[in-house]
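The structure appears right after this line, and notes come after that.
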Amino acid sequence: MEKRRLGNTNMEVTIVSFGGIPIITRDYELSVKTVKRAYELGINFYDTARAYQTSEEKIGDALKDVRDKVFYATKTHLRSKAEAEKHIQESLRNLRTPYIDLYQIHSVDDIHTLDRVMSKDGALPALEEAQKKGYIGYIGITGHRAEVLIEAINRYPFATVMSPLNFLEQSHAANLLPLCKERNIGFIVMKPFAGGSLVTADKDVQALVGAKSSGEMARLSVKFAISFPGVSCVIPGLGNPQEVEDAVQAGEEFGALTKEEKSIFERLKAILVEPFCRGCGYCLPCPQNIDIPAILKALLYATRFNLIERAKNMYAQQAVKADACVECGICEERCPYQLPIRQMLKSVKETLG
Ligand code: SF4
Ligand code: SF4
């Protein structure tokens, strides 16, 4: 598979690399098998985060014997210097390594957070000190909003930016990506599947959009994201060896989507009008224990795919229903897509009872 230099770093990474979120929920054996399969097929860049629970440890265990042949990227979502220092040490232990190639500040989605991490006792000075001590190689930033990330790279020479880019979210390609290209900042694409919205195992939904399989949808999503000029690599979340194989295949045959391939996503995009939930789970936990992504998925099936009976069954399986919401608003502060979750939960009550 083709490799590209990550901005002005010394890292040449495979255009399809490894996103470490799905292995959070896979058992240890399957996770290690998945990571090893990625290595066997040539993937050399592995992205994880402190927030991804056991993901760092699983990657560290799977690749400990080939550490010198791969690059590790991880992240801290905590904002103070002391907390970030603690996270760096935890990541080093979990990844079984004395050195992490890229350490990122995770999910900076508003200017207030950017100010906080860049302040004297914020996370960024902790990363700079760790870099001087040789614990980390480069410093990067991740987020979902192009205007915040543009402000970040205007203020600080981050080596990499990680941001979503997929058929449903292309605004980054218009604004942020050319700037990163011009300044030689590595651009890592997260969420090429739009948090799962572009890839579904549901046969009815596949039939609605004319896709043959979830593997085909995954392959095309990855192919689409890599085709943008300036993209260094794409890190699809990979949770089993088959998903690794589909993603690697996309990396090997990359190029612009054909008209027929594009039409699958165009049909899906026409159905998925805003607001809709991407299923990313960033809004959790809800203090009332509402499984927000699962309930909003049922709403999506009812209102966008018109699969009402399926939606009702999905909702019936939820132990805590939408009417348990006390409208505290915590979830909306966390949602990177600024979804009106409280309002959407009210529509669930009206639509699904
Ligand atoms: S607004 Fe409702 S759904 Fe959101 S966190 Fe609060 S109780 Fe949970
Ligand atoms: S409501 Fe927002 S944060 Fe929660 S799963 Fe959906 S898109 Fe993600």
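Throughout, read-outs are computed from the coordinates displayed, never taken from laboratory work. Owing to the predicted nature of the structure, the values given are computational and were not obtained by experimental measurement. Glycine gets a Cβ as well: all are built from the backbone with ideal geometry, and neighbour counts include every protein chain shown.
Inter-label distance, residue 259 to residue 242: 3.3 nm, where each label sits 7 Å from its Cα along the C-beta direction. The residue list 220, 99, 174 was ranked by how far each Cα lies along the charge dipole of region 3-269 toward its positive end, using unit charges on Cβ atoms, and 99 comes out on top.
Maximal additional length on extending the residue 182-residue 309 stretch stands at 40.7 nm, based on 0.36 nm per residue less the C-alpha distance. Residues of region 146-161 with backbone nitrogen within less than 12 Å of a virtual label 7 Å along the Cα-to-Cβ line of residue 338, please, listed as ranges. Zone members listed by number: 146-148. With the convex hull of the Cα atoms taken as the outline of region 1-100, the averaged projected area works out to 6.5 nm².
Amide H contacts of residue 162: 141, 142, 143, 188, each under 5 Å away and 5 or more positions distant or on a separate chain (H built 1.01 Å from N in the peptide plane; Pro and chain starts excluded). In region 292-352, with Lys and Arg counted as +1 and Asp and Glu as -1 at Cβ, which of these residues, 336, 322, 295, has the Cα nearest the positive end of the dipole, that is, farthest along it? Farthest towards the positive pole: 295.
When each of 299, 127 is scored by the number of other beta-carbon atoms lying within 10 Å, the sequence from fewest to most is 299, 127. Sequentially through region 264-269, phi angles give Karplus couplings (6.51, -1.76, 1.60; θ = phi - 60°) of 4, 6, 5, 5, 5, 4 Hz, Gly and Pro residues having no value and appearing as x.
Region 217-240 and region 47-101 have Cα centres separated by 23 Å.
For region 194-353, the spread of Cα coordinates along the three principal axes comes to 49, 31, 28 Å, biggest extent given first.
Sorting 290, 271, 100 from the fewest to the most surrounding beta carbons within 10 angstrom yields 271, 100, 290.
Between the C-alpha center of region 282-332 and that of region 1-40 there is a gap of 32 Å.
The modelled label-to-label distance for the pair residue 118/residue 347, using points 7 Å beyond Cα in the direction of Cβ, is 3.6 nm.
Measuring r between the beta carbons of residue 65 and residue 128 and using R0 = 41 Å, the FRET efficiency lands at 0.85. Around the Cα centre of region 152-306, unit charges on the Cβ atoms of Lys, Arg, Asp and Glu (plus for the first two, minus for the last two) sum to a dipole of about 400 debye. Estimated translational diffusion coefficient (Stokes-Einstein, Kirkwood radius over Cα pairs, 10 °C, 1.306 mPa s) of region 70-178: 113 µm² per second. Ignoring solvent entirely, what values of log10 I(q)/I(0) come out of the Debye formula for region 228-301 at 0.13, 0.28 Å⁻¹ when each Cα is a single scatterer? The computed values of log10 I(q)/I(0) come out as -0.65, -1.18. In terms of its Cα atoms, the chain spans 58, 45, 41 Å along the principal axes, sorted from long to short. With Cα atoms defining each centre, region 241-281 and region 125-199 are spaced 21 Å apart in the structure. Sequence-ordered 3J(HN,Hα) estimates for region 336-347 from the Karplus curve with 6.51, -1.76 and 1.60 and θ = phi - 60° stand at x, 9, 6, 6, x, 4, 4, 5, 5, 5, 5, 5 Hz, glycine and proline given as x. Residue 30 to residue 320: FRET efficiency via 1/(1 + (r/R0)^6), r the Cβ-Cβ distance, R0 41 Å, to the nearest 0.05? The value I calculate is 0.90. Principal axis extents of the Cα atoms in region 292-352, from largest to smallest and rounded to whole angstrom, are 31, 22, 16. If R0 equals 22 Å, the separation of the Cβ atoms of residue 170 and residue 111 corresponds to a calculated FRET efficiency of about 0.45.
Per-residue ellipticity at 222 nm computed for the chain from its helices equals -13000 deg cm²/dmol, with DSSP H segments shorter than 4 residues left out and the rest contributing -39,500 (n - 2.57). Were the residues from residue 93 through residue 216 laid out at 0.36 nm apart, the gain over their Cα-Cα distance would be 40.6 nm.
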